[in-house]
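Report on the structure given below.
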Amino acid sequence: MAQKYPFSVWNYNIRGDFEPTEVDVWAECGLTVTMTERTFYGEHDITTLVPFLDRANEKGIKLIFNIVGLTNDDYVKIGEEEYERRFAEVYEIVKGHPALYGFYVGDEPTTKEMIDASVACLRIQKRIAPELRPYINIQGASPFFETEVFSGKTFKEWLYDVAAETGFSNFSFSQYEQMNDDAGIDFYFDSIKNLVEAADPANVDVWGCLLLSAHYHFRVPSEYDIMWQITTSAACGCRGMNWFRFYDRAHGPNYHGSPVDEYGYKTEQYYKLLRCQRRFNDHYGELLMSLKRQSTYFMGKQRADYPMFGADTHDYVEMIKAEREAIVSFYKAEDGTEYMVLVNADQKKDGVFKIYFDREKCNLVEVLFNGTKDLPYHYGNTKDHWDGQWLYPGQMCIYRIDKK
């Protein structure tokens, strides 16, 4: 159970903006797999990235190489033969480095040409560097997956075939509407459900590309909002995060409130993100990465077309009294042990959540520190007694169901 939950950020800075010590800033904040500065093939010396990899290895994190010249857009411009030559050349410089996660492929391809180019990049990268994990971000809007860009296939069919052909194993999706209004929250959960259900049969991990700073009409997320995005997406089956964004730009006041401002100073948002990411990985990240999601339910309000949790939903968990909107997911370990994930899905209000379970069939145990500490469920089990677990907005709890 050694794999931490992946936390990454977009990095729009240009090679030369940072020294390798910037890796310390990423690691301190709880990032585990993040992007390098944009490095331009043919203009920048790729070997100058090696000290970043060395530093990342010391800090226990991995890096995604963001090389302009090796993206899906570049593939369209230079063709397959030149793309393959370039990738092999760059790969030889860093081949075998333990801190190298993979190479960035592209962002939100929306035309058939760009989709096909993305598949070609994934295929070439996995053939030359099978141990790496290419990274691509796609659109999160569900209508996009009903278009003809997938050569007559559904997105689910296309994804399964691409994973089988290329061996690629994860992608992220952009979704920011959850930081706008309630309709945006519905849109957010609809995207997650469609993408996770498409990815599961292909054995591909879905990462959320979610919001960390102001963007157009989307607000600067609060600390509750940051944790809410982590826990709700994870409870619904996402297995990683790539935040938009970490660094503010020198020009562009609409983009503001990032963890590092345009003057290079850490902001309050940096420490909010630090607490959320490190707290999540300290308690739940490694455990969740070792489990397989079985089902997800909502309470209090219907979201997307997730089923609602009720009295007959589970054989052992009889009922949950929830003051707020909630997510209830069930996971399994390889040995068959079942876990229940509970999240307060309200963005603004805390509340009491009380679980009723069949004590003749099981014991319910809250797990902390990735399962190394147990806390037996100690609240009363009388249906007319209101006593349960207080959860702040976005707070997660995980319970192990010990069957008798």
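Among the residues of the range 257-303, those identified as over 20 Å from residue 192 (Cα atoms) and touching an Asp or Glu at 6+ places or on another chain (Cβ under 6 Å) are 258, 261, 262, 267, 272.
For residue 275, state whether it is touching a residue at least 24 places away in the same chain (Cβ under 8 Å), crowded, with 16+ Cβ neighbours inside 10 Å and among the basic types (Lys, Arg).
So residue 275 fails the test.
Check the range 65-75 and report whether any residue there is closer than 19 Å to residue 45 by Cα, under 20 Å from the mean Cα position of the chain (by Cα) and crowded, with 16+ Cβ neighbours inside 10 Å. Among the residues of the range 65-75, at least one is closer than 19 Å to residue 45 by Cα, under 20 Å from the mean Cα position of the chain (by Cα) and crowded, with 16+ Cβ neighbours inside 10 Å, which makes the answer yes.
On the basis of being without any contact (Cβ under 8 Å) to a residue 60 or more places away in the chain, more than 26 Å from the chain's Cα centre (by Cα) and assigned to a strand (DSSP E or B), does residue 321 make the cut? No; evaluated as a whole, the condition is false for this residue.
For residue 206, the test of being of a type in the set (A, V, I, L, M), open to solvent by less than 10 Å² (accessible area, probe 1.4 Å) and not in a helix (DSSP H, G or I) is passed. For the range 172-183, the set of residues classified as surrounded by 16 or more Cβ atoms within 10 Å (Cβ to Cβ) and not aliphatic (A, V, I, L, M) consists of 172, 173, 174, 175, 176, 177, 178, 180, listed by residue number. Output the residues belonging to the range 221-267 that are at pLDDT 95 or above, more than 21 Å from residue 290 (Cβ to Cβ), of a type in the set (A, V, I, L, M, F, W, C) and assigned to a loop (DSSP other than H, G, I, E, B). Of everything in the range 221-267, just one residue is at pLDDT 95 or above, more than 21 Å from residue 290 (Cβ to Cβ), of a type in the set (A, V, I, L, M, F, W, C) and assigned to a loop (DSSP other than H, G, I, E, B), namely 246. The set of residues in the range 42-51 being open to solvent by 10 Å² or more (accessible area, probe 1.4 Å) and either closer than 19 Å to residue 101 by Cα or free of Cβ contacts under 8 Å to residues at least 12 places away in the same chain (or both) consists of 43, 45, 46, 47, 48, 50, 51. None of 122, 159, 132, 100 is surrounded by 14 or more Cβ atoms within 10 Å (Cβ to Cβ) and in contact with a strand residue (DSSP E or B) (Cβ under 6 Å, 6 or more places away or on another chain) except 132. Screening residue 190 with (1) open to solvent by less than 20 Å² (accessible area, probe 1.4 Å); (2) touching a residue at least 60 places away in the same chain (Cβ under 8 Å) gives one miss only, at (1).
The values are calculated or read from the model by the stated rules, or taken from the named source; none is laboratory data. A quick note: this is a predicted structure, and the numbers were derived from the prediction, not measured. Methodologically, a virtual Cβ is constructed for each residue, glycine included, from the backbone with ideal geometry; neighbour enumeration extends over all protein chains shown. Heavy atoms of the whole protein, side chains included, go into the accessibility calculation; ligands, DNA and RNA do not. Shrake-Rupley method; radii C 1.70, N 1.55, O 1.52, S 1.80 Å.
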